[in-house]
Structure formats: structure tokens, C-alpha cells
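This report concerns only the one structure given below.
The values are calculated or read from the model by the stated rules, or taken from the named source; none is laboratory data. Please read all numbers here as calculations on a predicted model, not as lab measurements. No Cβ is skipped: glycine too gets one built from the backbone with ideal geometry, and neighbour counts run over all protein chains shown.
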Amino acid sequence: MIEALVYRWLRWRAIAALLLGRRDAACEIFGAMLQRWPDDAYALASRSHLLAQLGQRDAAIADAERLTARHPGRSAADWFNLGYLLEASARHGQAESAFRRAVALDPALDRAWYGLGLVLIRQDKLDEAVAALERNTELQPMSPYGWYQLARLHADRQQPEKALRIIRHLQGFEPKVASQLERETGLAP
């Protein structure tokens, strides 16, 4: 009973610190929570997020890795966040594994498909990248990001007809992105 009250008190204090813009203080409170409850998913996820915001990427990755190791099936978002941090640190192979785990837990997590596509491009696994980006665009058809990367990939692979199809598609709802692709690829519908 006392432990539950202490936990709620610390959690409330951390939330209050965040509301007051005191991220460092909130990070310390999450640290205190983790000293008492080392594998607490809420504290690990929250501190990882804060550490990333504070520019402490390695520490953020450590918390995210601990979270996914201790609670592997808790949330696809946990794996996505780990993948995002690893990708930002140019740890593409590890990021790929994290993104794959995210989409295995939630096949509809469009941002994980996008992240997977990006790390596959960076690893020169282009066929797999196309498949991941196509899945992203199926899930998020009005977002230009997946379409942009997919068009660039087709243009780089000497598939201008596929890139042009995407440029035409983007002209319908993201004309600026379509124009940017035309300039970058030299392709015009």
C-alpha cells in the first residue's frame, strides 16, 4: 500500500515538473523511481524520452533498450522509439531490428514502416526498402514523406515510370513536394 502511494506521488511530481517545464527535475524524479523500481516501464519510457529531448541520446538508448528487454511485448511504440534513437545514432542494423519488432507487434504502425524503409535504404537493401515504404504509403496515403522517399528510390534505381506515377499522385495533394521531386530527379509528368 505504501509503495503504491510513493509510486503515485513520484509520478505526480514528475508530471508536475514537466508541466512547469522543468525537464531536468522530471528526469531526476524518474531516476528516483527507477532506483526504487528498476524495471518500471512508465519510468523507463518517460526518462528515455526526456533524455532524448535533453540531447543525451546514448542514455536515452540505454533506457529504451532496457525497456524493450524487460517488457518486449508491451508496446510497438517502445520498439519504434528505440529504432528511431538507434537510426539517429547511425546504428542502422540495430534500428532495423527494432523497427521490425515494432511492425511485428503492430502491423499498422505507419511510422515504423517509414523508419524501417529509411534504415533499409541506408543499408542498401533496396527491394526491402521499397516494400516497407509501400506499406507506409498504404497506411498513410496522405503523408508525403513515404511517397517522397519511394519516388527517390525509384528514380535512383532507374525506374522513372514509377517515380513519375508518384509525382503525379503527389501533385494532387502535395504540389510543393511534387515540384521538389521534379527538380531533384529531372522528371516531369
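Summary table below
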{"item": "Enumeration of residues in the stretch 135-187 that are among the small types (G, A, S), farther than 18 Å from L116 by Cβ and in contact with a Leu (Cβ under 8 Å, 6 or more places away or on another chain)", "result": "A155, A163, A178"}
{"item": "Single match in A95, A102, A45 (criterion: assigned by TED's automatic domain parsing to the domain that holds A14, within 15 Å of the chain's Cα centre (by Cα) and of a type outside the set (F, W, Y))", "result": "A45"}
{"item": "Residue within the stretch 74-84 that is touching a Leu at 6+ places or on another chain (Cβ under 6 Å), over 22 Å from Y114 (Cβ atoms) and crowded, with 16+ Cβ neighbours inside 10 Å present", "result": "no"}
{"item": "Residue selected from the stretch 59-73 under the condition aliphatic (A, V, I, L, M) and touching a Leu at 6+ places or on another chain (Cβ under 6 Å), by the criterion nearest to L34 (Cα to Cα)", "result": "L67"}
{"item": "Residues of the stretch 100-134 satisfying the condition of being over 18 Å from L170 (Cβ atoms) and either touching a residue at least 60 places away in the same chain (Cβ under 8 Å) or not hydrophobic (A, V, I, L, M, F, W, C) (or both)", "result": "R100, R101, D106, P107, R111, G115, R122, Q123, D124, K125, D127, E128"}
{"item": "Condition met for W147 (aromatic (F, W, Y) and within 15 Å of the chain's Cα centre (by Cα))", "result": "no"}
{"item": "Elements of type helices (runs of 4 or more DSSP H) contained in the stretch 98-189, each with 1 or more residues being of a type in the set (F, W, Y), at pLDDT 95 or above and more than 16 Å from Y84 (Cβ to Cβ)", "result": "144-156"}
